[in-house]
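Step one of this worksheet: look at the structure below.
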Amino acid sequence: MTSSTLRWALIGASDIAATRVVPAMRALGHRVVGVASNSAERAAAYAAANDLSHATTDVDALVGRDDIDAVYVSSTNEQHPAHVEAVVRAGKHILCEKPLATSMEDATAMVDAAARAGVLLAVNHHLPGADTHREIRRLVRSGAVGRPLAVRVFHAVALPKRLQGWRLGGGPGAGVILDITCHDASVVNPLLDRAAIDAVALSAQQGPWGAQSEDAVVAAIRYADDVLVQTHDAFTVPFAPTGLEVHGDEGSIVATDVMTQDPIGRITLRDRAGAREIELGDRRDLYQIVLDAFAGAVRGEGTPTATGQDGLAALAVAYAVLRSTATGRREAVR
């Protein structure tokens, strides 16, 4: 199997699949065979709009087809466990949208089931594979900032009108923490390469939409060796750039526009020698990077940009933040 012959099924007639993932698949030469949705009408309309030859409500029938190598699961979050279980039964490889599940128990069971079946389970955390974040990790590991002391993440954005649905509701998986904070953790966990210990956080409902879940949150997360991480995530901020800072005892990294879906951003290193911008050479589409790494891992060449275990670790941080907003106390990352 080569990257250009990977054949996909979609579970979930989602916006992210239509706007980001399917175009990236096709740009790499992958074939997208069909889609499964809970609604036959939605599946048919989605297939027509995205030039897919098959549309169904029967997940087992779609993932069991002989012309399917891998399945992209982007159904709503609470459906991920059942859909991943169906793909595991079919013996196909899985790219699952984040967060893995709406409970740590379900997410753990998904990772374990894929491992037992010998199929690849990766998570569509697009940020860790970006050249900006790969370069930040390289700088930190090379000692450019000395001993890491703190990280700040700015991931406050405006939720587009077309996405102002279930994310603002009161159902499982709604809210900015499971939507965005888990992305922060997907970046910070491999950057610091140490365990997250505990978190304390405050959330709010700031938007004009009458949200039933939090649409803004500020969190402080403690990692091993007393590295402190501060995050600000929101659906309510239309004009701020995103960014990430790493501060150590010998230098600081200031990266702007790096917590996005697009291959943009700048990195500045500040130390005793002054401030200098770091050159970046890989501006590939972030979802093409995810899919290329996934296809390589299917062939036994390398690993995904975010494994199932990476997705589980990111979810653990997000859930500690979510629990803290409910209890008002410091919560352990479990």
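The values are calculated or read from the model by the stated rules, or taken from the named source; none is laboratory data. All values derive from a computational prediction rather than experimental measurement. Note: accessible area is taken over every heavy atom of the protein model, side chains too, but ligands, DNA and RNA are not part of it. Shrake-Rupley method; radii C 1.70, N 1.55, O 1.52, S 1.80 Å.
Before moving on, here are some points about what is shown:
- Every helix of 4 or more DSSP H residues in the chain counts as -39500 (n - 2.57), and over all residues that averages to -9000 deg cm²/dmol at 222 nm.
- With one equal scatterer per alpha carbon and no solvent term, the Debye-computed log10 I(q)/I(0) for the range 1-78 at 0.12, 0.19, 0.25, 0.27 1/Å reads -0.28, -0.71, -1.23, -1.40.
- Size descriptors for the range 1-146 (Cα atoms only): Rg and Dmax, in that order, 16.5, 57 Å.
- All Cα-Cα separations within the range 62-211 were binned at 5 Å from zero, giving a P(r) of 2, 8, 15, 17, 17, 16, 13, 8, 4, 1, 0, each value a whole percent of the pairs.
- Exposure of Glu85 as accessible area (Å², to 10), given a probe of 1.4 Å and all protein chains: 100
- Rolling a 1.4 Å probe over the protein chains gives Ile264 an accessible area of about 80 Å².
- One quarter of the convex hull surface built on the alpha carbon atoms of the chain amounts to 16.4 nm², the projected area averaged over directions.
- Cα gyration tensor, the range 233-334 - rounded (a/c under 1.5), prolate or oblate: oblate
- Nearest-ten-degree value, helix 182-192 long axis tilted from longest Cα axis of the chain: 60
- Over the range 206-272, all Cα pairs binned in 5 Å intervals from 0 give whole-percent P(r) values of 4, 12, 18, 19, 20, 14, 8, 3, 2, 0, listed from short to long.
- For the chain, the per residue solvent-accessible surface stands at 42 Å², with DNA, RNA and ligands left out and a 1.4 Å probe.
- Histogram of C-alpha separations across the range 138-249, 5 Å bin width, %: 2, 12, 22, 21, 16, 12, 8, 5, 2, 0
- Solvent-accessible area of the range 219-299 (1.4 angstrom probe, protein heavy atoms only): carbon and sulfur portion equals 47 percent.
- For the range 1-118, the carbon plus sulfur part of the accessible surface works out to 49%, probe radius 1.4 Å.
- Dmax and Rg, reported as Rg then Dmax, of the range 107-157 (C-alpha, Å): 16.1, 42
- Once the Cα atoms are used to define both axes, helix 40-49 deviates from the longest principal axis of the chain by about 70 degrees.
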